[in-house]
Amino acid sequence: MSRISRIRFLAACGACVAFLIAATIFLLAIGRPPLTTLAQMAFYAFGDTYSLSESLVKATPILLCALAVILPARLGLITVGGEGQLYFGALAGTAVVVGFPDGPIFLLLPMMLAAGALGGALWSGAAGLLRARCNVNETISTLLMNYVAVLLVNYAVYGAWKDPGSLGWPASIAFPPAATVPSLWGTRVHIGLIVGVIAALILHVGVTYTRWGIALKVLSGNRKVGAMVGFSFMQQTLLVMAIGGALAGFAGICETSAIQGRLQAGLSVGYGLTGFLVAWLSGQNFLRAVPIAILIGGLIAAGDALQLYAKIPSASATILQGLLFVAALGASGLAGRRSARYG
Amino acid sequence: MKMTGPLVTLSAIRKEFGSVVANDDVSVEIGGGEVLALLGENGAGKSTLMKILYGFYQPDGGTIHINGLPAAFNSPRDAMARGIGMVFQQFSLVPALSVLENLLAALPHAPWLQRRGSPRVSEALRWLDQLAPTLDPHRPVRNLSVGERQLVELAKVLNLDARVVILDEPTSVLTPDETERLYGFIKTLATEGKAVVLITHKLADIAACADRIVVMRGGRVVDRAAARDRSAEDLVEAMVGRGSMGSLPSPKPPSGDVPMLQVQGISAEVQGRTIREISFELTAGEILGIAGVSGNGQFALAEALAGLTPVTHGDVVLASVSIAGHSEDGGIADEVAYIPERPRDNAIVAELDLSLNLALRNARDLPFFPARRDIDGRARALIAAYDVRPPQPSLPAIALSGGNLQKLVIARELSGRPRLVIACYPTMGLDVAAAQAVYREIFRHAAAGACVVWISEDLDDLMSYAHRIAVIHDGRIAGIARRDEADRQILGRWMAGDAAGSA
């Protein structure tokens, strides 16, 4: 066991080294001083309170979308639907705000959040139902439903829900204070982060220590035996897809309400896909997903800041992010093969 | 039997796995044209020895000579190049591919294109046509019975022009017909000058076709002789090492006459095999043996009785309660113990540890937060009671050998108080002592009043222990006979498809 954890540790170190080498080469190629730029990035990610808070803001939807991938993965399902669930959650939550813009906070806010989570759950649950009942591959269906959800939001903000006061800008009305998710510590960080971390903890305990976790392990290992001992693959598929979708949908409505203040097209900058990558980097582990999501959030926030202050094109941050993913996935893949040899 | 110097000589082979000595100073000579039976209980080291010859393991000591020349095999590929082929207990066929595709893929130069009537195809099929003339080579392997898979595996090895053919427990999964054909086949191979090594713990195999016997126990050779010089008692004593075990006493006839299990005209379909209108009744404590050529609906019958597959007609009633399945997800009734065929696929979760696999029987009734210590403690007790080796509850089930996996499933299923026991090939892969322990366990439940449906292809065992024997053919019951009325001729006719009424 210790041998395997040592391999894991070495893999993490190897990933860092590989990333630094690749990043250096890339930065040299675009004519930037590598050390300074990387140090700047680190600063803009976690250097002061403001940078840290912005990193956490980015990390929140990524974490929630990662959880929405990890839970189905524990049943052996591979979903890439975080993006669509996030959009549909935002759409469903916004429907409440558009419908009752003058509702009191104690009604409007919980209703809006519940609708967001429910929307995500339905969107994801539909893919789960297709998988459980008709054996439709969940990877394909969630992928395709992403496009549908994004376009539905476009349809709403270009059409019926367009704010007449926004002078043609495709967005819904601004969310009233009664529909604004509370922020924390006077920054833009909002309760979505707390919900994400608590959800990660609860899900970790759930899959590690409960009968439910045993059911997931049995069903993902041998569905035939699962059926024999009375665990229902269909039920569990619906459950994990719905819970995952609810988390992603919750991320969508939080992002809309707390960060953007209104529903608009392009509400997510690939949080769903980034969440998917975080899930795989974490080895489908809820607890490990938390720091990894924060790290990736930092990278994205730093990219934005660099673009602003250092005039580095924001695409370079995306490229650096890509290099980090490749380095980390490569290293963890190698580690997996090694530890399989010793395990 | 002609011998012109040994084809293979294994000298002073030693192999250790950690602290366990699997082979200790083992020397065996294998001559061309002879059938050598390697006899011993589970864990006696016979499979290990042959896997060393096959290049699967490297010996820690000792030498291998082929035709008098030293040989060192780093992989089965090396061994195959020197004409050594082995058929394992656990098959290495690709379930999704057809029989023909599996055979083609194993040829040294597998063709890119598969054309009907090409010389490669007839080359791939040349042995299969002799071994299993009725097997359609275009059927996918996943639909084959265990016995059929083994024949395909054997054809695969023979296709590679092996001069030494090692068979690991080949008859444990075959029907009497298939077994007879295999015996004949083994003798043919020997007359063609090939050396055949038969790893076995069945004395019938030796009586039928062995020329020479090497008996192993605890990693050492304890006896070697010509087959005709040893009686069955000698061999059991050498193998078990504690005097002849004798056979089990036959279970007492059931006392009651009120039917406890009523199978009422059930029809079902599983994996393309159907059963149609099967009916029988068992009283409490009665053991019904189900014989038949494999692939005639045994699996579908077992699954339907266990309630794991929906029945399209009829009902299964146990103690006045219907236990027939009505959906795919129903789960097994608490009072039913089910030992399915191919336990690796059908009864365990390979990645989970032994503790959890043992806890699965009543997984639904576990508390929401199961106490890991209780699960482990119970597992340790079961592992000790049923002699599962290695006795480590934290090991993933996939690490167990076939026989120990079987014991694990039996420990889980038979440790409760079932009212119906469905046992499919329950002693497959087990040695004499372990098999007797399993039978004793099953009979204990019968004596306590459980109905037992026992699917087997071992007619000798069925005729010794079952109260009644039914024969399944083409998804129907061809006939049922009491033990004292059953003889091999009648059962054989039923197995071939003559129904009882028309006989």
| Here is a list of conditions, (1) away from chain B (no Cβ under 14 Å); (2) touching a Gly at 6+ places or on another chain (Cβ under 6 Å); (3) among the hydroxyl-bearing types (Ser, Thr, Tyr), and A:SER220 meets all of them except one; can you say which number that is? | (1)
| note | Filtering the stretch B:410-465 down to residues that are at pLDDT below 85 and on the phi > 0 side of the Ramachandran plot yields B:GLY429
| query | Since B:SER294 meets every condition but one in (1) at pLDDT below 85; (2) within 14 Å of another protein chain (Cβ to nearest Cβ), which condition does it not meet? | reply | (2)
| note | Screening B:THR200, B:THR191 for residues that are under 24 Å from B:LEU430 (Cα atoms) and in contact (Cβ under 8 Å) with a residue 40 or more places away in the chain leaves only B:THR200
| Quick one: B:LEU151 ticks every box in (1) touching a residue at least 40 places away in the same chain (Cβ under 8 Å); (2) crowded, with 21+ Cβ neighbours inside 10 Å bar one, so which box is it? | (1)
| request: Could you check, for the stretch B:289-299, whether at least one of its residues is under 24 Å from B:ASP487 (Cα atoms) and touching a Leu at 6+ places or on another chain (Cβ under 6 Å)? | output: yes
| query | Applying the selection to the stretch A:111-139, what residues are surrounded by fewer than 17 Cβ atoms within 10 Å (Cβ to Cβ) and within 13 Å of A:GLY82 (Cα to Cα)? | reply | A:THR139
| field | Members of the stretch A:223-264 found to be within 8 Å of chain B (Cβ to nearest Cβ), surrounded by fewer than 21 Cβ atoms within 10 Å (Cβ to Cβ) and either of a type in the set (Ser, Thr, Tyr) or not in a loop (DSSP other than H, G, I, E, B) (or both), listed by number | value | A:LYS224, A:SER232, A:MET234, A:GLN235
| Sole exception among (1) without any contact (Cβ under 8 Å) to a residue 24 or more places away in the chain; (2) outside any helix (DSSP H, G or I) for A:GLN284, by number | (1)
| message | Condition first: facing chain B (nearest Cβ under 7 Å) and in contact with a Phe, Trp or Tyr (Cβ under 8 Å, 6 or more places away or on another chain). Now tell me which residues in the stretch A:196-214 satisfy that. | response | A:TYR209, A:THR210, A:ARG211
| Going by the conditions given, is A:LEU277 of a type in the set (A, V, I, L, M, F, W, C), at pLDDT 85 or above and either buried (at least 24 other Cβ atoms within 10 Å of the Cβ) or in the same structural domain as A:LEU113 (by TED's automatic domain parsing) (or both)? | yes
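Can you confirm whether the stretch A:246-253 contains a residue that is more than 30 Å from A:CYS134 (Cα to Cα) and either of a type in the set (D, E, K, R) or within 20 Å of the chain's Cα centre (by Cα) (or both)?
Scanning the stretch A:246-253, I find at least one residue that is more than 30 Å from A:CYS134 (Cα to Cα) and either of a type in the set (D, E, K, R) or within 20 Å of the chain's Cα centre (by Cα) (or both), so the answer is yes.
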| request: Residue by residue through the stretch B:348-366, note down the ones that are facing another protein chain (nearest Cβ under 8 Å), closer than 23 Å to A:LEU203 by Cα and either out of contact with any helix residue (DSSP H, G or I) (no Cβ under 7 Å at 6 or more places or on another chain) or at pLDDT 85 or above (or both). | output: B:VAL349, B:GLU351, B:LEU352, B:LEU356, B:ALA359, B:LEU360, B:ARG364
| task | Tell me, please, whether a residue that is at pLDDT 85 or above and within 12 Å of another protein chain (Cβ to nearest Cβ) can be found in the stretch B:309-322. | result | yes
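The values are calculated or read from the model by the stated rules, or taken from the named source; none is laboratory data. Not measured: the values here are computed from a predicted model. A quick note on method: Cβ atoms are made from the backbone with ideal geometry, for glycine too, and the neighbour counts reach across all protein chains shown.
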